[in-house]
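Beneath this line is the structure, given in structure tokens, with notes to follow.
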Amino acid sequence: MAWAFTEPQTGSDPKQLATTAVPDGDGWRLHGQKLFISYARQANVAVVFARTPGGSVGAFIVETDTPGWSTGTPFELLALGGGEPVPIFLDDVFVPGDQLIGAPDQGFQAMIAGEAQGKIRAAAICVGIAQRAIDEAAAYALGRTHRGEPIAKKFPTIQGLLGEMEATTLGARTLVHHAAELIDGGQDVAREAAAARLVAGRAAREVTNAAMQVCGAYGLTRELPLERLYREGKFFEVAQGVAEIQRAIVARHVIADHST
Ligand SMILES: Cc1cc2nc3c(=O)[nH]c(=O)nc-3n(C[C@H](O)[C@H](O)[C@H](O)COP(=O)(O)OP(=O)(O)OC[C@H]3O[C@@H](n4cnc5c(N)ncnc54)[C@H](O)[C@@H]3O)c2cc1C
């Protein structure tokens, strides 16, 4: 399944969506363009977000073999290209009425619910990226010697890097588990999902950066997977919601909590 929110003019702001859904008989006609939609060429169905009459946002389940649906060429990315994000062109695509999720003005709620799951999944991947970087750096630091002694044991600076990497990753993993438990329990996780996405994304970037430092020149080569992990860490600062938006979501909760 593909998840089609982003458009040429926005990937972060539902108020700027330009794709329209117009009632037509017992269904809807969708018109517009989406951009950077992962798996859109492979998926049988997509959830497409479009503006409904009155200016609200609706969420529509669209079968991707419906006439009027077409996709463009995938973008080449710095990392994790397997999702093959593509543009989608919606040219009067007919969607039966029973494929509208909820009411015509409830797309935003559907988006928030789906995005929370996606953020926790992305945060879990970030923890995996950080853990792999620790494993690689520790193995290197134990194998690499300076005047006969492993650099992991000889240099406090290397120990400092490893300790910081481990602490950062433990913190991120704990937050991801907490958010996952809340969502499994059916609770509202908007704050925790955004926080997990933010903290784990930062962990992936900081830990891969430190791991490359531990591994010296080898860390910059493709002999080790660290340069790839480093690119993947950067990837998650943008994909699945930019860090700035996650901070804004968490801040909204802080302000609401302290305004009552
Ligand atoms: C590999 C990949 C796969 C993707 N897959 C999908 C997908 O399957 N479905 C989908 O719908 N989208 C997908 N996207 C789109 C992705 O979710 C958006 O690119 C992302 O949300 C950022 O939106 P944008 O690119 O429009 O950035 P913009 O909204 O243009 O933001 C640009 C920059 O402006 C700043 N900014 C923006 N808004 C704010 C704000 N409110 N407050 C403070 N600063 C702000 C940030 O620094 C941000 O980095 C994918 C993107 C990538 C790279």
Folded to 0 to 90 degrees: helix 226-238 orientation relative to the chain principal axis, Cα: 40 degrees
Integer Hz, Karplus 6.51/-1.76/1.60 couplings in order for segment 71-82, x for Gly and Pro: 10, x, 7, x, 7, 7, 10, 6, 6, 6, x, x
Where the accessible area of segment 1-77 is counted over protein heavy atoms with a 1.4 Å probe, how much of it, in %, is carbon and sulfur? 50 percent
Kindly provide log₁₀ I(q)/I(0) values, in the same order as q = 0.10, 0.12, 0.17 Å⁻¹, from the Debye equation applied to equal alpha-carbon scatterers of the chain. -0.60, -0.79, -1.22
Please compute the Kirkwood hydrodynamic radius of segment 2-103 from all pairs of different C-alpha atoms, in Å with one decimal. 13.6 Å
Could you give the radius of gyration (one decimal) and Dmax (whole number) of the Cα atoms in segment 45-100, in Å? 13.5, 40
In whole Å, what are the Cα extents of segment 49-170 along the three principal axes, biggest one first? 72, 30, 20
Amide H to amide H under 5 Å from Trp69: which residues, 5+ apart in sequence or cross-chain, H placed 1.01 Å off N in plane? Asp91
Expected vector for segment 3-12, Karplus 3J(HN,Hα) from phi with 6.51, -1.76, 1.60 and θ = phi - 60°, integer Hz, x for Gly and Pro, equals 10, 10, 9, 4, 10, x, 9, 7, x, 10
Counting all C-alpha pairs of segment 108-259, share separated by more than 28 Å (%): 28 percent
For Leu80, project a label point 7 Å along Cα to C-beta. Then give me every residue of segment 1-18 with its amide nitrogen under 19 Å of that point. 1-7, 11-13
Relative contact order for the chain: what is it in percent, counting Cα pairs under 8 Å that are at least 6 residues apart? 17 percent
Relative to the first principal axis of the alpha-carbon coordinates of the chain, what is the inclination of helix 190-214, with its axis defined by its Cα atoms, in degrees from 0 to 90 and to the nearest 10? 40 degrees
Result for segment 108-259: accessible area per residue, probe 1.4 angstrom, in square angstrom, of 53 Å²
Would you mind computing, in nm to one decimal, how far apart the modelled labels at Asp105 and Arg252 are, each placed 7 Å from Cα along Cα→Cβ? 1.7 nm
Given backbone amide H placed at 1.01 Å from N, residues whose amide H is under 5 Å from that of Val45, ignoring those fewer than 5 places away on the same chain, are Ala2, Thr64
For segment 89-183, which chymotrypsin sites (Phe, Trp or Tyr not before Pro) are in a loop by DSSP, counting at most 15 other Cβ atoms within 10 Å? none
Average accessible area per residue (Å²) across segment 2-103 - probe 1.4 Å, nucleic acids and ligands excluded: 48 Å²
Around Pro74, under 14 Å between beta carbons, what's the net of Lys plus Arg minus Asp minus Glu among the other residues? 0
Compute the length gained on full extension between Ala190 and Asp65: take 0.36 nm times their separation in residues and subtract their Cα-Cα distance, giving the result in nm to one decimal. 41.7 nm
Modelled label-to-label distance, Ile245 and Arg144, 7 Å Cα→beta-carbon offset: nm? 3.8 nm
The ³J(HN,Hα) series, computed from each phi in segment 92-107 with the Karplus coefficients 6.51, -1.76 and 1.60 at θ = phi - 60°, rounded to the nearest Hz and given as x for glycine or proline, is 6, 6, 7, 10, x, x, 7, 9, 7, 7, x, 8, x, 10, 10, x
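The values are calculated or read from the model by the stated rules, or taken from the named source; none is laboratory data. Model, not experiment: these values are computed from the prediction. Methodologically, a virtual Cβ is constructed for each residue, glycine included, from the backbone with ideal geometry; neighbour enumeration extends over all protein chains shown. For the accessible areas, the whole protein counts, side chains as well, though only heavy atoms, and no ligand, DNA or RNA atoms are used. Shrake-Rupley method; radii C 1.70, N 1.55, O 1.52, S 1.80 Å.
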